[in-house]
Amino acid sequence: MLKKTVEDLCNRQIEREGYSSNLYLAMASWAETSGLSGVAAWLYSQADEERIHMLKFIRYINERGGKAVIPVIKKPGEEYKSVEELFREVLKHEEFITGSINEIVALTLEEKDFNTQNFLQWFVMEQVEEEASAKLILDKVKLVGKTNMYEFDRDISGLRRVSPATPAT
Ligand SMILES: [Fe+2]
Ligand SMILES: [Fe+2]
């Protein structure tokens with residue numbers, strides 16, 4: 001049985017993973033309408049993954065005798081000045097999510113909830129990967145001037161992890 005304190009933070013994470021998914025969808029939509037189909041493909045595939053993260057929390061809470069609450073998700077921004085600004089936001093957001101996951105891990109240690117602590121290890125590792133890939137793309141985007149954006153966009157498409165719900169480009 002989940003302790004209420006742990007359940008509450010896991011429910012908070014449902015909202016944060018759901019927001020991550022919507023944030024990346026909004027970013028994908030901006031990229032797609034800005035002629036950046038490779039960046040859009042990468043972001044659509046990220047959005048799919050974030051939805052899976054949200055589902056993992058929903059299923060875990062319910063499986064442990066808690067009650068997953070499906071939240072209202074706030075509206076993400078619609079406009080970005082540049083691809084660099086967009087990926088700066090992605091990295092900042094992933095760092096925020098890492099902090100959020102770490103807070104739950106810290107609570108599970110305090111509460112001696114080793115089952116949830118074990119469940120969270122997947123997310124701890126995932127965040128290492130998420131931050132690294134956001135940082136890699138941000139570093140790349142800093143290297144390209146506007147003239148090379150076409151090639152950059154094409155390269156980014158190849159960096160996404162394959163997800164069945166992502167339309168092929
Ligand atoms: Fe996530
Ligand atoms: Fe993420």
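The values are calculated or read from the model by the stated rules, or taken from the named source; none is laboratory data. Because the structure is predicted, anything quoted here is derived from the model rather than measured. Because the Cβ atoms are built from the backbone with ideal geometry, glycine has one as well, and the counts that use them run over all protein chains shown. Calculation scope for accessible area: heavy atoms of the full protein, side chains included, ligands and nucleic acids excluded. Shrake-Rupley method; radii C 1.70, N 1.55, O 1.52, S 1.80 Å.
Descriptive notes on the structure:
- The Stokes-Einstein estimate for the stretch 1-141, based on a Kirkwood radius over Cα pairs and taken at 25 °C with 0.890 mPa s viscosity, is a diffusion coefficient of 156 µm²/s.
- Pairs over the 19 Å Cα-Cα cut-off, from the set Lys75/Lys140; Lys75/Lys135; Lys92/Lys140; Lys81/Lys142; Lys4/Lys67: Lys75/Lys140; Lys75/Lys135.
- Integer Hz, Karplus 6.51/-1.76/1.60 couplings in order for the stretch 119-133, x for Gly and Pro: 4, 6, 4, 4, 6, 4, 5, 4, 5, 4, 5, 4, 5, 5, 6
- Carbon + sulfur, % of accessible area of the stretch 78-144 - ligands and nucleic acids excluded, 1.4 Å: 55
- Using just its DSSP H runs of length 4 or more, each adding -39500 (n - 2.57), the chain gives a mean residue ellipticity at 222 nm of -25500 deg cm²/dmol after division by all residues.
- Each peptide in 81-93, 24-36 receives the mean, over its residues, of other Cβ atoms within 10 Å, and ordering these scores from highest gives 24-36, 81-93.
- For the stretch 37-77 versus the stretch 99-156, the spacing of their alpha-carbon centroids is 15 Å.
- Label-point separation, Leu55 to Lys92 (7 Å along Cα→Cβ), nm: 3.1
- In the full protein context, the stretch 1-92 carries 49 Å² of accessible surface per residue, based on a 1.4 Å probe and ignoring ligands, DNA and RNA.
- Computed from backbone phi, the HN-Hα couplings of the stretch 68-75 come to 6, 10, 8, x, 6, 10, 5, 6 Hz, rounded to whole numbers (Karplus: 6.51 cos²θ - 1.76 cosθ + 1.60, θ = phi - 60°; Gly and Pro given as x).
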